[in-house]
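Enquirer: One structure coming up, written as structure tokens, with questions to follow.
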Amino acid sequence: MTSSPAATQLELLAAANQRLIRTVDALDDAVFGAPSLLPDWTVGHVVAHLALNGEALAGALEGVTTGAARPMYASQEDRDGDIAELGTASPGDLRSRLMASTELFDREVRDLPEDRWTTTIERTPGRPAFSARSTVLMRLREVEIHHADLGVGYTSADWSPEFSVIVIETMDKRDFPTSFRVLARDLAQSWSYGDDDPTTTVTGDSHALAWWLTGRGDGAGLTSDRGELPAVPAW
């Protein structure tokens, strides 16, 4: 039994990276200073976050490979400050940094010894850790969700059903205010959230459910058998 990331995750990430790079490369320079779909972040800040996230995950994996453990970020403040600074860099610098971070993360994934995938990594010093194996899934979610957050044409409707299911299933770890069920009509599959028996069922296509479950959008395309959609905090 292998402890390395699932081949499907690696394949989905490779395709997601290609789509993201194509989108960012095709943007007019002026768009980088325009607002994204994320509060207080421009398109440039989202690209910066994606680049820095790739670098941080790659650096953490390199630490696993060499045995010199390191967290993703020195601190939350450093992480936020780096995004704020890089987010105002020139479009050319942002494009180059994003491409380089993608290649760097891919290289560290390829180079990680098979017996190191269960090694734990801290996001910041002293914070709860995650396994090296989780980094591929983490990066996949970052790339796909924040690609849509750019607000430049790519949306959750462009997500594959496989990725939409990944988001839906990983959202079960969130602390939702109420218990509810979601039904993906395109997949004829349902999932439940919360500690109690669900009293509300939200129905829609899997990509719309996934987007909504992250606290994004207004629930367009979704219906609730109770009339109103349950409250979903931002993720």
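The values are calculated or read from the model by the stated rules, or taken from the named source; none is laboratory data. These numbers were taken from a predicted model, which means no experiment stands behind them. Because the Cβ atoms are built from the backbone with ideal geometry, glycine has one as well, and the counts that use them run over all protein chains shown. Ligands, DNA and RNA are stripped out before the accessible areas are found, and what is left, the full protein with its side chains, is counted by its heavy atoms. Shrake-Rupley method; radii C 1.70, N 1.55, O 1.52, S 1.80 Å.
Enquirer: Under 6 Å by Cβ, and 6 or more places apart or on different chains, what pairs join a residue from segment 143-170 that is under 15 Å from Ala15 (Cα atoms) with one that is open to solvent by 30 Å² or more (accessible area, probe 1.4 Å) and of a type in the set (S, T, N, Q)?
Expert: Once the first residue is under 15 Å from Ala15 (Cα atoms) and sits in segment 143-170, its partners that are open to solvent by 30 Å² or more (accessible area, probe 1.4 Å) and of a type in the set (S, T, N, Q) give Ala148/Thr155; Tyr154/Thr23.
Enquirer: Let me ask something additional. How many residues are loosely packed, with under 12 Cβ neighbours inside 10 Å and not in a helix (DSSP H, G or I) when one looks only at segment 2-24?
Expert: Residues that pass the stated criteria total 1.
Enquirer: Right, something else. Looking only at segment 186-219, which residues are in contact with a Leu (Cβ under 9 Å, 6 or more places away or on another chain) and aromatic (Phe, Trp, Tyr)?
Expert: Hits for segment 186-219 are Trp191, Tyr193, Trp212.
Enquirer: Select from segment 158-175 the residues that are among the charged types (D, E, K, R) and in a helix (DSSP H, G or I) and write down the one among them that is most open to solvent (accessible area, probe 1.4 Å).
Expert: Among those residues, the one meeting the criterion is Lys173.
Enquirer: Which is in contact (Cβ under 8 Å) with a residue 12 or more places away in the chain and either under 30 Å from Asp28 (Cα atoms) or open to solvent by 50 Å² or more (accessible area, probe 1.4 Å) (or both), of Thr118, Thr135?
Expert: The unique qualifying residue is Thr118.
Enquirer: Select from segment 176-225 the residues that are loosely packed, with under 13 Cβ neighbours inside 10 Å and touching a residue at least 24 places away in the same chain (Cβ under 8 Å) and write down the one among them that is farthest from Val143 (Cα to Cα).
Expert: Here the answer is Asp225.
Enquirer: Given the options Arg79, Arg70, name the one that is within 16 Å of Glu122 (Cβ to Cβ), of a type in the set (Lys, Arg) and part of a helix (DSSP H, G or I).
Expert: None of the others qualify; the one that does is Arg79.
Enquirer: Among the candidates Leu86, Leu27, Leu38, Leu57, which residue alone is closer than 30 Å to Ser3 by Cβ and surrounded by 14 or more Cβ atoms within 10 Å (Cβ to Cβ)?
Expert: Residue meeting the stated conditions: Leu57.
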